[in-house]
1. How many partner chain Cβ atoms sit within 10 Å of a residue's Cβ in peptide B:4-11, on average, as a whole number?
2. If you count, for every residue in A:95-108, the Cβ atoms of partner chains within 10 Å of its Cβ, what is the mean?
3. If you line up the Cα atoms of the protein assembly as shown on their principal axes, what length do they span on each, largest first, in Å?
4. What does the C-alpha gyration tensor say about the overall shape of the stretch A:1-56? Classify as rounded when a/c is under 1.5, otherwise prolate if a/b is larger than b/c, or oblate.
5. Assigning unit charges at the beta carbon (Lys, Arg +1; Asp, Glu -1) and nothing else, what dipole magnitude in debye, to the nearest 20, does the protein assembly as shown show about its Cα centre?
6. What are the ³J(HN,Hα) values, in whole Hz, obtained from phi via the Karplus relation 6.51 cos²θ - 1.76 cosθ + 1.60 with θ = phi - 60°, for each residue of the stretch A:6-23 in sequence order, with x given for Gly and Pro?
7. Express in whole angstrom the spacing between the alpha-carbon centres of the stretch A:51-73 and the stretch A:79-129.
8. Find every distance from the label point of residue A:89 to the corresponding label point in the other copies (7 Å from Cα along Cα→Cβ) and write them in nm, one decimal, shortest first.
2 protein chains.
Amino acid sequence: MTATATSIADELSQVSDHWSPRVVARVNDQYVKVAKLLGELVWHAHPDEDEMFLVVKGRLRIQLEDRDDVLLGPGELFVVPRGVRHNPVAEDEVHIVLVETVTTAHTGDVVVPGTVPVERQLQAGGRPA
Amino acid sequence: MTATATSIADELSQVSDHWSPRVVARVNDQYVKVAKLLGELVWHAHPDEDEMFLVVKGRLRIQLEDRDDVLLGPGELFVVPRGVRHNPVAEDEVHIVLVETVTTAHTGDVVVPGTVPVERQLQAGGRPA
């Protein structure tokens, strides 16, 4: 049986829309996703789920309610704790890897025109069952 | 309140021993770890837990029972599925990020002199509660 590596760069090259995560792997009950960000998403929270951001390219600012912003450059990661209202902001294009629970909703407790349901994030990637 | 980014490179610079993972973050029920590898660990399996390897530097070969080896370079990831016996091999030094369940034992169903209990992996990092 052949098993192959997943290249983060190759997966990112398949992404054209900003703020549209692409599922590239599943580890236990977590999806690993790649995404391209530009501008800002929306203030939201995931009441029961942490969300990990790892920057691959560019600089990401994560605004956090009642806390200082977190600034992330390439090779830096941050876990937004469950329940903490946050808003990712990319002044220039940023490429990221996300790790979040398979049930995590894109924009958490908020639904906006840019909300991407997980089914579409899976279609964009389609690797894991 | 101040929240800060975690630099993978900075965390790796704190690691001196090979095959001794350092916990740097927790996202939901998964630990994110960094490790330096050289040589080979031991054939083992985690019956109920997947294990994600992401290479940051160097080239890693993961031997898998009854399957072809998987070769990983920088920016490439692979999830060893639960129950699959595997053995990571690093001919030259490799730097990796691991994502695995908080309960995952270092060498799975096998205990060898190099087995590092999770308590020591936490002491090595000490970030997440």
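1. Values: counts 6, 13, 9, 6, 5, 3, 2, 2.
Mean shielding by partner chains, rounded to a whole number: 6.
2. Values: counts 0, 0, 4, 1, 7, 2, 4, 0, 0, 1, 0, 0, 0, 0.
Across A:95-108, the average partner-chain Cβ count within 10 Å equals 1.
3. If we take the Cα atoms of the protein assembly as shown, the spans are 51, 40, 29 Å.
4. On the way: a/c = 2.85, a/b = 1.33, b/c = 2.14.
Oblate, since a/c reaches 1.5 and b/c is not below a/b.
5. Numbers: 24 positive and 40 negative charges, 38 e Å.
It comes to approximately 180 debye.
6. 10, 8, 4, 5, 4, 5, 5, 5, 8, 9, 10, 7, 6, 6, 10, x, 10, 6
7. Here the two parts' Cα centres lie 14 Å apart.
8. 5.1
The values are calculated or read from the model by the stated rules, or taken from the named source; none is laboratory data. The shown structure was predicted, so the numbers you read here are calculated from the model rather than taken from an experiment. Note that each Cβ is placed from the backbone with ideal geometry, even for glycine, and that neighbours are counted across all protein chains shown. Ligands, DNA and RNA are stripped out before the accessible areas are found, and what is left, the full protein with its side chains, is counted by its heavy atoms. Shrake-Rupley method; radii C 1.70, N 1.55, O 1.52, S 1.80 Å.
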